[in-house]
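The values are calculated or read from the model by the stated rules, or taken from the named source; none is laboratory data. These numbers were taken from a predicted model, which means no experiment stands behind them. Here Cβ is always computed from backbone atoms with ideal geometry, including for glycine, and neighbour counts include all displayed protein chains.
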Amino acid sequence: MKAALLAIGVLAATTSANAKFCRCQPDQRCWPSDDSWARLNSSTDGNLVKVTPYALPCHDPTFNEAECTIAKTNSNSSSYRSSDPGALQWSNWEAWPEKDEQCYIETSKTTPCKQGRIPLFSVKAQEAKHIQEAVNFAAKHNLKLVIKNTGHDFVGRSSAPNSLQIFTHEMKEISILDDFVPTAPKNKRAPPGIKAVTLGAGVQLHEMYSYLGSRGLMVVGGTANTVGITGGYIQGGGHSLLGWLHGMASDNALEFHVVLADGSLVVANDYQNSDLFFALRGGGGGSFGVVVSATVKAHPDYPTVVATINYTTPIGAPYWDGVDALQKHILEINDKGGTGFYGLVPNTPISDSQTVSLMILSATFVNQTDTKAIEDLLAPVKSEIKDAIGLEPYFDVTALPSLSTYYSALLGENDTTGLQIRFASRLISRDLFKSGNHNKLTKAVSSLRYGPGDAIVGAIVAGGQVSENRDIESGLNPAWRDALVHVIAAHWMSPEMTFDQQKALEANITNVEVPLLKSLEPGKMGAYMNEADADETDFQESFWGDNYPRLREIKALRDPYDLFIVRKGVGSEDWDDSGLCRV
Ligand SMILES: Cc1cc2nc3c(=O)[nH]c(=O)nc-3n(C[C@H](O)[C@H](O)[C@H](O)COP(=O)(O)OP(=O)(O)OC[C@H]3O[C@@H](n4cnc5c(N)ncnc54)[C@H](O)[C@@H]3O)c2cc1C
Ligand SMILES: *[C@@H]1O[C@H](CO)[C@@H](O)[C@H](O)[C@H]1NC(C)=O
Ligand SMILES: *[C@@H]1O[C@H](CO)[C@@H](O)[C@H](O)[C@H]1NC(C)=O
Ligand SMILES: *[C@@H]1O[C@H](CO)[C@@H](O)[C@H](O)[C@H]1NC(C)=O
Ligand SMILES: *[C@@H]1O[C@H](CO)[C@@H](O)[C@H](O)[C@H]1NC(C)=O
Ligand SMILES: *[C@@H]1O[C@H](CO)[C@@H](O)[C@H](O)[C@H]1NC(C)=O
Ligand SMILES: *[C@@H]1O[C@H](CO)[C@@H](O)[C@H](O)[C@H]1NC(C)=O
């Protein structure tokens, strides 16, 4: 009934005005009255707040010295930014360049603070009912809806101008289930119970790792502190140091509780709403519904061996020869269970007059204890790097009692954020490395432009069970099954740049760098939707390959009026960049 009424409303809106169909804007008569907002507030038990940009107290005429000092002190803290509905982690997504609106902490006090892409209202959800009320309210009033969990999204999916936000950060449930059986309809037989963990929408990685680690457990999760687990991470696929042993995070999902566009709360698993289950495992956050909780497989908190190789050289050719020597061995390292990251920072200023190039490999071998075997595996890599760069690299192999120990040592509690960043990225196949073409990858990355601190991250997070899970039917980008390395080129931007300067840098990423990486394997592979160029062309093909048509169908069925539209998400091609008007 509700859906039918809504259909009429939408039809009326699209046919009556000659203008294109848009979400209701604050200056229009359709905008909810104060009384309507007050009713939403009471139906969400007083959890509705007005949202202001993070840096508002640092600008006239709202300047407030004490509050501004607090905002400045915490500006690089991802914990702080997670807990504020008016903040994102990457401040470029707080701005709205098309309208020349921004509110940065770095700009002068006299620069006015504009709302930008920061939502106008937020429901700080404590329970599923609050999410249902917010969804129904947005549908009824034709509002742009946004879901913010931690605000870490690199593609601008957790903010939109003039929107109503659902803030999931405070939903912190973690429960361990010794004998989890998916909820199945009466006519279907569910499998025997297994050990699992149910995670609320707001749980962040460091909270989960410390809770599970102290109980000898682990799940497939990301290498970060404050990134959420059940939001964008798992719904986009989720790569992990545990992936080689157990597959992608989305492969490990057993069940989702999710609020749909019609306001209903449903269970999605292999036994019911299996279309949604397909979509929520890789189809991307914010596109199909609001996940209230996810139940995922529990694994032991395995012992782990960590190997480090790093070096510092002057800028120039030998630096890249060292990188090539490393890339030559990645397949072999991965075949022995090695995962992890290599970071390249070719342009690292260390003083006013000196700039060096850094390489650091941190390879983790999960469920292994034999340090001698890892030393033997990596000794030739180290010596080939030495021959290439003419210097002895640092080399260390350490056994740790558990993966959670590694996470807490490596990660601590906060990620550094509050900065501005853009990516070019590509999934690089196992075949490329197998056929000895690692040098093509080296050549491609060495030809990119590196501003100070710009980095390449080589995430060795595929192979092993990620490849073996090829037969799992899910929305995940099928390219993951053939991948070995997920390569990201990260470019810093600065709040001091004008929007035009930023646009030029972004255009170069999209028109020069991504095509260069793509040309390594034309017509194959793709990119990871969560860590990609935010203006990726042909994003449907890059992020989902052959899965896109099915995801699009599920989207049309489950969200027929496009309540859940995010940048470069399933179905977003029908909307403008802000998700405000149909195109
Ligand atoms: C420091 C750092 C390290 C990272 N490491 C990894 C890694 O090791 N592996 C990896 O795979 N990725 C990694 N990422 C990328 C990460 O997966 C993405 O940034 C992801 O979008 C974060 O999801 P979030 O829910 O925390 O963020 P948000 O920005 O809050 O949300 C991301 C998207 O999901 C949607 N969403 C959020 N919550 C829900 C919900 N409950 N229901 C439906 N939609 C929702 C939002 O609308 C948005 O579209 C890393 C990111 C950072 C910043
Ligand atoms: C919602 O209600 C709470 C509790 O009554 C109140 O503190 C808050 O200011 C209200 N929010 C808005 C946006 O009016
Ligand atoms: C935040 O990080 C930037 C870039 O590293 C730095 O310039 C700035 O001083 C940091 N801010 C604080 C308060 O530490
Ligand atoms: C993380 O950030 C929060 C909020 O800014 C702060 O209270 C906490 O001390 C930080 N933790 C660490 C380990 O820096
Ligand atoms: C390598 O890393 C170690 C440990 O972090 C550090 O002490 C060392 O200076 C680094 N060496 C080089 C050559 O970069
Ligand atoms: C972990 O290692 C143990 C001991 O080698 C082995 O028996 C077990 O099968 C391994 N677990 C996985 C998931 O590979
Ligand atoms: C565009 O990118 C390429 C490759 O990174 C680089 O060589 C070139 O300098 C860039 N151009 C601009 C204008 O930034």
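Points to keep in mind about this one:
- Complete set of residues in region 403-455 that are within 16 Å of ligand 5 (Cβ to nearest atom), outside any helix (DSSP H, G or I) and surrounded by 16 or more Cβ atoms within 10 Å (Cβ to Cβ): ALA455
- Residue among VAL296, VAL258 that is over 24 Å from LYS140 (Cα atoms) and touching a Leu at 6+ places or on another chain (Cβ under 8 Å): VAL296
- LEU378 vs. criteria assigned to a helix (DSSP H, G or I), over 10 Å from VAL305 (Cβ atoms), within 16 Å of ligand 1 (Cβ to nearest atom) and of a type outside the set (D, E, K, R): no
- Pairs, first assigned to a helix (DSSP H, G or I) in region 22-43, second within 14 Å of ligand 2 (Cβ to nearest atom), C-beta under 6 Å, six or more apart: LEU40/LEU48; LEU40/PHE137; ASN41/LEU48; SER43/GLU133
- Every residue from region 44-60 that is outside any helix (DSSP H, G or I) and within 20 Å of ARG117 (Cα to Cα): LEU48, VAL49, LYS50, VAL51, THR52, PRO53, TYR54, ALA55, HIS59, ASP60
- Residue that is farthest from ligand 4 (Cβ to nearest atom) [pool: residues in region 456-480 that are more than 19 Å from GLY338 (Cβ to Cβ) and assigned to a helix (DSSP H, G or I)]: ASP471
- Output for region 58-109, where each listed residue is more than 15 Å from ligand 3 (Cβ to nearest atom) and of a type in the set (S, T, N, Q): THR62, ASN64, SER82, SER83, GLN102, SER108
- If the condition is being over 20 Å from ASP431 (Cβ atoms), assigned to a loop (DSSP other than H, G, I, E, B) and not acidic (Asp, Glu), then region 515-540 contributes MET529, ASN530, ALA532, ALA534, THR537.
- Exactly one residue out of LYS336, LYS328, LYS372 is in contact with an Asp or Glu (Cβ under 9 Å, 6 or more places away or on another chain) and charged (D, E, K, R): that is LYS328.
- Any hit, region 206-217, residues being within 16 Å of ligand 1 (Cβ to nearest atom), assigned to a loop (DSSP other than H, G, I, E, B) and not acidic (Asp, Glu): no
- Where a residue in region 99-115 is within 19 Å of ASP577 (Cβ to Cβ) and its partner, wherever it lies, is acidic (Asp, Glu), with Cβ under 9 Å and at least six apart: GLN102/GLU94; LYS114/ASP100; LYS114/GLU101; GLN115/GLU101
- Within the span defined as region 256-274, one or more residues are more than 9 Å from ligand 1 (Cβ to nearest atom) and buried (at least 24 other Cβ atoms within 10 Å of the Cβ).
- Residue in region 53-73 that is touching a strand residue (DSSP E or B) at 6+ places or on another chain (Cβ under 8 Å), within 14 Å of SER158 (Cβ to Cβ) and either modelled with pLDDT of 95 or more or surrounded by fewer than 20 Cβ atoms within 10 Å (Cβ to Cβ) (or both) present: no
- Matching strands (runs of 3 or more DSSP E) fully within region 85-200 where at least 3 residues are more than 29 Å from SER494 (Cα to Cα): 174-180, 194-200
- Within region 293-311, if we keep just the residues that are crowded, with 24+ Cβ neighbours inside 10 Å and more than 23 Å from ALA399 (Cα to Cα), the residue that is nearest to ligand 2 (Cβ to nearest atom) turns out to be ALA294.
- ASP387 meets the conditions (1) away from ligand 3 (no atom under 16 Å from the Cβ); (2) modelled with pLDDT of 95 or more; (3) not in a helix (DSSP H, G or I) in every case but one. The failed one is (3).
- Residue match in region 332-342 (condition: out of contact with any Ser or Thr (no Cβ under 7 Å at 6 or more places or on another chain), assigned by TED's automatic domain parsing to the domain that holds PRO452, assigned to a helix (DSSP H, G or I) and crowded, with 22+ Cβ neighbours inside 10 Å): yes
- Whichever residue in region 23-38 is surrounded by 12 or more Cβ atoms within 10 Å (Cβ to Cβ) and of a type in the set (S, T, N, Q) and, among such residues, is nearest to the chain's Cα centre (by Cα): GLN25
- In the set GLY289, GLY243, only one residue is within 20 Å of TYR548 (Cβ to Cβ) and small (Gly, Ala, Ser); that residue is GLY289.
- Positions within region 134-158 being surrounded by fewer than 23 Cβ atoms within 10 Å (Cβ to Cβ) and touching a Pro at 6+ places or on another chain (Cβ under 6 Å), in sequence order: HIS141
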